[in-house]
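Readers should treat all values here as calculations from the given coordinates under stated rules, not as data from a laboratory. Predicted model, so just to flag it, every value in this text is computed and none were measured. Cβ placement follows ideal geometry from the backbone for every residue including glycine, while neighbour counts extend to all protein chains displayed.
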Amino acid sequence: MAIRMALALAGVLVSGTALSQSATPGFNTLIPESILTPDSVETSIGTLNFFDGLPDEETVTKVYDNLDRVRATQIFLDMVPLASIEGLRRGMESVGVDASHKILLYNDLMDSNSLFLTGNTDTIYAIGMLDLQRDGATVVEIPPGAGPGTVNDAYFRFVIDMGAPGPDRGKGGKYLILPPGYEGEVPEGYFSVESPTYVNWLPLRGFLVDGKTDAAVDMWTNGLKIYPLSRKDNPPQLEVVNGTGIVMNTVHANDETFFEEIAEVIQREPLEFLDDELRGNLASIGIEKGKEFAPDARMRAILKDGVAIANATARALAFRPRSETIYIYGEESAWFTAFDGGSYQWLLNDGKGGRNRDARTVFFYIATVNTPAMVLQMIGAGSQYALAALDSRGRYLDGAKDYQITIPGDVPAKDFWSLVVYDPQTRSMLQTDQPYPSKNNERNRDLVKNDDGSTTIWFGPKVPKGKEANWIQTVPGKGWFICLRLYGPLEPWFKQTWRPGEIEPVN
């Protein structure tokens with residue numbers, strides 16, 4: 001055996017077969033080609049040149065630019081949730097909601113003047129913003145009869161539900177939101193939870209009664225209280241800003257100023273609210289807690305390029321999904337879910353597959369509010385959502401053309417159903433002559449049904465003759481997409497024995 005090995009190492013033929021090949025030039029032995037770098041390599045970023053594996057100056061510049069570009073692109077996709085909360089904070093502050101006891105209340109429902117990611121015209125929003133660094137532990141008193149409400153942290157992570165899906169189960173109660181690292185005494189009599197961040201978004205919802213907002217507006221105005229725990233003996237009076245008709249932007253930037261929004265949040269929040277991996281990515285482009293974000297001309301150009309690529313990527317994920325699991329009825333239908341995978345944490349296979357980052361990007365690029373209640377199969381409670389951006393032929397929806405969709409009868413919604421039309425640019429309500437670009441079978445009681453109990457909704461720039469009650473206006477030169485909502489969804493929705501029609505072109 002020893003002789004055979006010696007012969008093999010020497011390259012001697014044994015039984016007519018070569019036991020080794022010639023040594024690689026420059027080496028004493030044969031080196032696997034898979035570990036070697038050629039002198040010239042063609043790539044998507046151009047030709048990369050090397051001397052014996054050592055990159056030349058031009059190649060070094062190319063790959064560092066590409067590395068920073070890749071990181072800028074990934075940071076956008078990862079940080080959309082954070083930027084979205086910051087956009088909400090800035091937008092609300094711009095209209096005077098700048099303290100915890102102030103709320104934005106849509107007395108006559110949200111209309112298209114509010115730039116608000118897929119906001120709806122169906123529920124009465126009461127929206128607050130908490131600052132636990134400024135105020136410390138903060139109390140939120142929820143009145144009985146409240147619809148779904150929640151608290152989300154500065155990275156749009158779920159903190160706690162309130163109202164019907166919360167621990168008060170719609171009976172009302174006192175919630176205590178504690179700041180990160182809270183070490184004080186936690187008094188009894190509260191539903192208490194510690195948030196990972198100082199800034200927290202508080203979206204609350206009430207429902208129409210007999211198609212009117214009065215009852216919910218009264219409930220929020222007279223029953224909701226928000227105040228620092230330190231002022232529980234003398235809490236400030238709730239102040240209300242009416243959001244209906246108000247012009248306001250809550251949408252994050254899609255250009256290089258996106259990174260400035262992110263940098264502000266990083267300086268404000270505690271260091272540990274993001275993990276080491278995410279913080280490291282941010283630091284690689286100059287965003288680090290305790291340091292000024294001041295990119296030089298080279299980095300500014302790269303950030304501009306990276307965010308443009310990332311924005312296009314997010315739009316592809318949202319409006320041309322490639323995921324097979326995102327489609328509710330398979331790829332033959334345009335209807336897709338905002339919660340791809342059915343996890344509010346976007347975990348694959350109960351976490352065994354890690355986090356589906358694309359699914360998270362899709363959701364937060366087009367929507368707000370993160371709560372497990374939105375993915376649970378709660379028969380007759382909560383709400384369910386389906387979106388579509390394509391017609392039945394797989395084409396984008398064109399605001400210059402006419403379309404129709406038929407909603408079959410016996411809609412599996414205990415409370416009501418609605419369709420809202422959105423603008424793909426802002427992902428907010430489409431702005432037309434109709435301030436409420438939607439139809440709701442509770443609010444729009446003049447909707448005309450077909451003989452078989454179904455309802456056909458028409459879309460286009462001009463109202464079809466005789467279809468006024470069932471028409472939603474669109475805008476020539478603009479696209480649109482749609483969201484179907486079922487409030488109090490019933491079993492046929494989850495079993496898919498009932499399904500909406502597709503959006504059919506008329507001309």
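I'd like to know how region 182-306 sits against the 2.2 N^0.38 Å rule of thumb: what's its Cα Rg over that expected value? Working shown, then result.
Working: Rg = 20.6 Å, N = 125, 2.2 N^0.38 = 13.8 Å.
Taking N as the residue count of region 182-306, the ratio is 1.50.
Scanning the chain for chymotrypsin sites (Phe, Trp or Tyr not before Pro) in DSSP loops with at most 14 other Cβ atoms within 10 Å, what's the longest stretch left with none? Write down the numbers at each step before the final one.
Values: sites that count: Phe27, Tyr329.
No qualifying site falls inside 28-328, the longest such stretch.
Roughly how far apart, in whole Å, are the Cα centres of region 343-357 and region 130-190?
Distance between centres, Cα-based: 26 Å.
Could you tell me which of Ile103, Ser84, Ser40 has its Cα farthest along the dipole of region 35-125 towards the positive end, charges placed at Cβ (Lys, Arg +1; Asp, Glu -1), taken about the Cα centre?
So the residue furthest toward the plus end is Ile103.
Which whole-number value in Å³ per residue fits the convex hull of the alpha carbons of region 70-154?
On the way: hull volume 11.4 nm³, N = 85.
Normalising the Cα hull of region 70-154 by residue number yields 134 Å³.
Under unit Cβ charges (Lys, Arg +1; Asp, Glu -1), what dipole magnitude, rounded to 20 debye, does region 318-505 have relative to its Cα centre? Walk me through the intermediate numbers first.
Numbers: 22 positive and 21 negative charges, 91 e Å.
Its charge dipole is roughly 440 debye.
Residues with beta-carbon under 11 Å from that of Ile379, excluding Ile379: net charge, scoring Lys, Arg +1 and Asp, Glu -1? Mind dumping the intermediate values first?
On the way: positive: Lys414, Lys495; negative: Glu491.
In short, +1.
Across region 216-225, in residue order, what do the Karplus-derived ³J(HN,Hα) couplings come to in whole Hz, using 6.51 cos²θ - 1.76 cosθ + 1.60 with θ = phi - 60° and x for Gly and Pro?
5, 4, 5, 4, 6, 5, 9, x, 8, 9
Evaluate the charge dipole of the chain about its Cα centre and quote only its size in Debye, nearest 20, assuming +1 on the Cβ of each Lys and Arg and -1 on the Cβ of each Asp and Glu. Can you show the working numbers first?
Details: 47 positive and 66 negative charges, 194 e Å.
Roughly 920 debye, rounded to the nearest 20.
Could you pull out every residue, at least 5 positions away or on a different chain, whose amide H is within less than 5 Å of the one on Ala400? Hs are placed 1.01 Å off N in the peptide plane, and Pro or chain starts have none.
It is Gly477, Lys478, by chain and number.
Taking the alpha carbon gyration tensor of the chain, what are the square roots of 5 times its eigenvalues, largest first, to the nearest whole Å?
Working: eigenvalues 482, 197, 103 Å².
Equivalent ellipsoid semi-axes, largest first: 49, 31, 23 Å.
Short version: ³J(HN,Hα) in whole Hz for each residue of region 300-315, in order, from phi by Karplus 6.51 cos²θ - 1.76 cosθ + 1.60 (θ = phi - 60°), x for Gly and Pro, what are they?
Once rounded to whole Hz, the list reads 4, 5, 5, 4, 5, 5, x, 6, 5, 5, 5, 4, 5, 5, 4, 5.
Gap in Å between the Cα centre of region 36-84 and the Cα centre of region 305-334?
A separation of 25 Å, based on Cα centres.
Residue by residue through region 70-77, what is 3J(HN,Hα) from phi via Karplus (6.51 cos²θ - 1.76 cosθ + 1.60, θ = phi - 60°)? Round to whole Hz and write x for glycine and proline.
Listing the rounded values in order: 4, 5, 4, 4, 5, 4, 4, 5 Hz.
Let me have the 222 nm mean residue ellipticity of the chain computed from DSSP H runs of 4+ only, each contributing -39500 (n - 2.57), with the sum over all residues rounded to the nearest 500. Kindly include the intermediate steps, with their values, before the conclusion.
On the way: 9 runs with 118 residues, N = 507.
Taken over the chain, the calculation gives -7500 deg cm²/dmol.
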